[in-house]
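Notes follow once the structure below has been shown.
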Amino acid sequence: MISSVSSSSSSSSSSSYSSYDQHQLDGIASVRSYIDRISTGDGKCHGMKVLLLDDVTTQILSCVSTQSEILSREVYLVCRIDEPHHARGGGGGGGGSHSLALAEEDDGTSSVAHVSHMKAVCFLRPTEINVGHLVRELASPRFSEYHVYFSGILSPTLLDLLAESDPFERVKRVQEFYADFLPINPDLLSLNCRNTLPMTSMLSKTANSSTSQIRSSIYERNLAGLQSMLLALRRQPAIVRYQKSSIAARRLATDVCDGIRSDQIFHFLRGSGKPLGTVGHVGGGGQGDRQSMSGGGGGGSSSMSLSMSSGGGGNNSMLLLVLDRMDDPVTPLLSQWTYQAMVHELLGLNNSRVVLRGVPNISRDLEEVVLSSAPGHDAFFQDHRNSNFGELGEAIQTLLRDYQAKSKMNSVSNLRSIEEMQEFMERFPELRSQSHTVSKHVAIMGELARLVEVCNLMDVSAFEQDLACSDDQAGHLRELMSKLDSPIVKIPDKLRLGMLYALRYENAVPSGSIPAVKEAMKRGGVPPDGVGLVDAILKYAGSDVRGPGLYGTNRDITSKLMKSIMTSVQGISNVYSQHSPVLMDTVEGAARGKLPGQTHPMILSGGGTSTNVDGMPLPQEILIFMVGGVTYEESTKVNQFNQANSGKVRVILGGSTVHNSTSFLEELKLVRNGR
Amino acid sequence: MASRDLTSAFLERRTAANRRRRSSVGPSSKMAPFGISQMKHGIVDDHLLMEDGNALNDIGNNVHASACLPPDWVDDVDAVNATISDIRRLTSELTSMHASRIGTVFGRDLDDMERRIERRTTEVTTLFRKAERHLQRVGASTRRAGGEESLVGANVQRSLAMQLQSLSADFRQGQRRYLSDVKAQKSGGLMESEARFGINLEDDGTLQSRNDYGFGSVQQMSVVDDLQAEIQSRDTEISQIAKSIEELGAIFKELAVLVIDQGTILDRIDYNMEAVVEHTKTGIQQLEKAEKSQKSARPMKCIFCLLFTIMILLLILVAKHRH
């Protein structure tokens, strides 16, 4: 909530201190408040506005806001800055003699004249490409004013470049608003940055090809995203730890620490004794801004440190944990049974959009639907995104029954008098939106149920869970072979089963079963490309590369014994949700202060690393960032953990992207090709 | 939710950069009069002229861009905004008037009050119509302009329509409440007047025994007439209000076409942007197709073919007649 406390805006920021008190770690709320400020031009841009976005910021904006919301803020045009708009007149195209082309050009120039009374609000990532587009735009400005907001830390050279190339002085404001990630759920953040799996292996090599450049741009994206998560949540991590087995995690953690040390923007009024960093990257006026920024203004400082200590229980409250997908290749391969995860696994949930085109018996307006967790969108989805398939069926049934009761009450035949008709008219819009919600969820549910039936998923998933959770090589091999030969099981499922088996029994004593499995996979119809992925996943996350923890190998004998006794006494509550991701062991360990330093070392303030983590205070907040992407299963588990520990610990899960098995396997192919 | 303001740093740098630029541009601007004088002397230096023209053009563009008046439809938008604020003001007045009307049962200014309410109601209704007219004009003129402007126009229409719709819904609700209250009061009022009538009768009986026998007297007739007049006036009042509701309903329906359903895919920002790109793509495809068909040589070939045939036939004709 704390805005840039430059002298002019100090009044507005001091009024926002009060809301800071209720500020809990909530990704959606943070990004929303940024977007609110951007779409109003931070209160300084009135009148008709145009929003200029880039590829990533478009996704971020649409994740938390809607068309009608930005329309109500007088944003009447949204366009991409990287789009070659035809409004650039006077270019003198080759086919200019043609009458049609001429007409088009005329049209273009006239529209330049006609939109130039509008003001432009730019929300862009601070990349060279975007600044280049902006420079080109400023050379022949189409709009009367430019308010530029960057979603991350802008490098001083780019700021210089921008300042050099504004001959008409159209830029009114330049500001950094750190909304550089997509808040999918309040406790799940994603960068929507694909192809990060190969990063793990590529970083270790000093590759000289062009791929290394692509990797490094992906790495920069991840670093900027993680930094913006910290800034948007207004937290300076007290401790930064990383997963030892991953070089990518280590480098990311080190770089984040360096960034925090060198830029005062990260310093959120800790104890006054803490020395603030001295190297600001913009000198002069920028430095002054920065200091007043981190100072937070005189009036508000006391209340803020108060709320900090009450909410966080002292100074050292947040733990930043950088992990790598590599440690747990099993979770993205499993079938999912909770709503959000299931939709993503079976239908694909991209930027909270689900494409239902091609589904049998779908009506036209349901060909693409929105499943968003942002507040005010879809209360049903918000409540049930973590419910399992069975609960979901019941919930949808009650939803349908409620709706039917309501619509019966409001049916047209019941209308006898004018008054009733008028009342109906008033309730009609609400009823209509409800009807849309109901039909949307019913359609999705119907399709999920159909896919489960067609793909024989109940059966497959039970075996997957068994493969992931228990040790019985002979039995598993027998069942796997029968599944691979069975014509009912779909080919992608065969591939997943084969990979799960290979991961589990990679180093089993009677070796040689894996080649046999591969043979069986080929026989079962898996393309050779897919069979190759078995080797790829073993290379990417085989037992000698990944850290301990998968399949409970880091648990000692007693806890293993305890667990087996517990399961034998209580029985397994749900066959389809036995599996618990490695992440949860890590989270629980970290929350109880029992995460060993051998596997997850700490970054020292001096720059080195240490495996000695004894005597560290327990974290009240944990931000986990997983290089290579997270899964909805992990998000669901984290959500359950937060609910069980509300008031004590709050965990926010962030990742490069959110995987389903399809996207995970696609990226694995890159790993294989990269080597 | 930290943020950082780089404006002051940026402005500093920009001023420095522009100052530098101006000082470096300085000498070339001194060239300009030289070029003009050369032109006066009739010595045409192409290169200098071109540079001059460019500079002039640049200045012209600059002036044009900064002093460019917003298109006409912006005035319409302003008009709609003004109308909306008018409607807001009037509706709030109307609500208080309704309240005071409902509050009073008797009184001489009752009719006057009702008349005023009536006038206000029609005023608001006409304002709604006016706003809608302006809105349609915005749509029409921006659609004519095409391109980005039509998109802006559509979005402006949508946003204003949303505001108008919620306003009109509020207004109609207020009207309806008032109507039902007045109706309730009317039936109550009738009973009251009957009671008054009864009391009058008793009064008549005790005070004016002369009229005891004349039950169908003139006085009684006049009371009935009064009642009838009252009923009629209330009736017209109610029908008028109903009419205004009807009109508003029509507007409501027209506006509803413009308003987006919230929560659907149509309300997604990225979906809309993709749709625009898609539209542009199909537009370009169609343009290309049109160009191709225009360029295509088939019709020309036909024409030449026919001309050739005609010539041959003519030759044959001439040859035949020579014999």
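Shown is the FRET efficiency for B:Q240 and A:A379, computed with R0 = 45 Å from the Cβ-Cβ distance and rounded to the nearest 0.05: 0.60. Interface burial in the range B:131-150 reaches 40 Å² or more for B:E148, B:E149, comparing the full protein assembly with the chain by itself; accessible area from heavy atoms with a 1.4 Å probe. Chain B contacts chain A over a buried accessible area of about 6800 Å², both sides summed; the probe is 1.4 Å and only protein chains count. The local environment of A:G547, defined by Cβ-Cβ distances under 9 Å, has a net charge of 0 under the rule Lys, Arg +1 and Asp, Glu -1.
The Cα center of the range A:626-656 and the Cα center of the range A:142-183 differ in position by 34 Å. Going by accessible surface with a 1.4 Å probe and the largest first, A:D255, B:D78 read B:D78, A:D255.
Surface composition of the range A:323-481: carbon and sulfur atoms hold 52% of the protein heavy-atom accessible area at a 1.4 Å probe. Cross-link list A:K49/B:K289; A:K49/B:K130; A:K490/A:K637: which exceed 32 angstrom alpha carbon to alpha carbon? In this structure, A:K49/B:K289 lie more than 32 Å apart at Cα.
To the nearest 0.05, how large is the calculated FRET efficiency for A:L400 and B:V223 if R₀ is 41 Å and r is the Cβ-Cβ distance? My answer for the efficiency is 0.10.
Here each label is just a point 7 Å from Cα along the line to Cβ, and for B:S296 and A:S486 those points are 5.6 nm apart. Among the residues of the range A:360-378, those with an accessible-area drop of 40 Å² or more from chain alone to full protein complex, heavy atoms and 1.4 Å probe, are A:E368, A:V370. With a 1.4 Å probe rolled over the protein heavy atoms of all chains, the accessible area of B:K183, B:K130, A:K518, A:K594 falls in the order A:K594, B:K183, B:K130, A:K518, largest first. Cross-link partners for A:K594 among the aspartates and glutamates, with Cα-Cα distance under 14 Å and sequence neighbours closer than 8 places in the same chain left out: A:D556, A:D585, A:D614. Computed with a 1.4 Å probe on the full set of protein chains, the accessible area for B:T125 sits at about 10 Å².
Taking the Cβ of A:E621 as the center, what net charge do the other residues with Cβ under 9 Å away carry, scoring Lys and Arg +1 and Asp and Glu -1? Net of charged neighbours comes to +2.
For B:H98, B:H323, give me the order by solvent-accessible area with a 1.4 Å probe, most accessible first, ignoring ligands, DNA and RNA.
Ranking B:H98, B:H323 by accessible area, largest first, yields B:H323, B:H98.
In the range B:265-291, which residues give up 50 Å² or more of accessible area once the other protein chains are added, compared with their chain alone (1.4 Å probe)? Residues of the range B:265-291 that lose at least 50 Å² of accessible area once the other chains are added: B:I265, B:D267, B:R268, B:I269, B:D270, B:M273, B:L287. Positive contributions from Lys and Arg (+1) and negative ones from Asp and Glu (-1), summed over other residues with Cβ under 14 Å from the Cβ of A:F389, come out at -4. Annotation: for a label point projected 7 angstrom from Cα along Cα→Cβ of A:S407, residues of the range A:428-464 with backbone N closer than 15 Å are A:428-444.
The values are calculated or read from the model by the stated rules, or taken from the named source; none is laboratory data. The structure presented is a predicted model; accordingly, all values stated were derived computationally and were not measured. Note: ideal-geometry Cβ built from the backbone for every residue, glycine included; neighbour counts use all protein chains shown. The area values use the complete protein model at the heavy-atom level, side chains included, leaving out ligands, DNA and RNA. Shrake-Rupley method; radii C 1.70, N 1.55, O 1.52, S 1.80 Å.
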